[in-house]
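Nothing in this text is a laboratory measurement; each read-out follows from the coordinates by a stated rule. Treat the numbers as computed from the prediction; the structure is a model and nothing was measured. Counting neighbours? That spans all protein chains shown, and the Cβs are built from the backbone with ideal geometry, glycine included.
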């Protein structure tokens, strides 16, 4: 059985090489140094390096070929929705690119999720959503707000009762967390979006799918406007 230290070591190597690849330090088509050389450069054993390469290969970032060695794969082969790959991309993107890409992703599934939640939410799921909303109301710091905000959006996805949609949260959680932190810092009042969250919450409570959809859409658009400095007075939803 591997020790925790061994797991942490190959995890560190995976993280280091993954970030280098996703950020463009190591470019598609570029060959990695020979195993012995790379292991020495990173001050790890060949075993730890091989473990890391297996993980990176599974994520589509590298491929090993006989007599050729290990090369970085083209971006189209990367597992873009892998939680690690997505987190590495978000960390290395310019803020404007990060905002645009995440907003586009959110626009695709979150309004639909709110509508499904309004149709399907059961009592226990609504209690979780209500608790998350109340935590947002009670938040005294931006850190407390971000934690409650993430819980609110996860609660909406859970309330869809669609396992595939629910699984999206584990994929985008890190990216959403980073986005919410940036958004809270950008705004003078980190609770600026609370009225939109209340609109979504109330629409789900009243089982009004289209109202929930529109409220979530407006929340996302307002958040993008806040991040780009183009936020205007709210319209009636």
Tilt relative to the chain, helix 4-22 - C-alpha long axis, 0 to 90 degrees, to 10: 80 degrees
Computed [θ] at 222 nm, deg cm²/dmol, the chain (DSSP H ≥ 4; -39,500 (n - 2.57); rounded to nearest 500): -23000 deg cm²/dmol
By average C-beta atoms within 10 angstrom, highest first, the peptides 36-46, 129-139: 129-139, 36-46
Helix 209-228 axis, angle to the chain major axis (alpha carbon atoms, nearest 10°): 60 degrees
Stretchable slack from residue 101 to residue 83, in nm (0.36 nm times residue separation minus alpha-carbon distance): 5.0 nm
Tilt relative to the chain, helix 83-92 - C-alpha long axis, 0 to 90 degrees, to 10: 90 degrees
Residues residue 202 and residue 75, FRET efficiency given R0 of 25 Å [Cβ-Cβ distance, rounded to 0.05]: 0.05
FRET efficiency, 1/(1 + (r/R0)^6) with R0 22 Å, evaluated for residue 143 and residue 109 via beta carbons: 0.25
Inter-site label distance for residue 63 and residue 8 at 7 Å from Cα along Cβ, in nm: 3.6 nm
Paramagnetic reach from residue 173 (point 7 Å along Cα→Cβ, amide N under 19 Å) across segment 140-165: 143-165
Gain on full stretching of the segment that runs from residue 124 to residue 161 - 0.36 nm per residue minus C-alpha separation: 12.1 nm
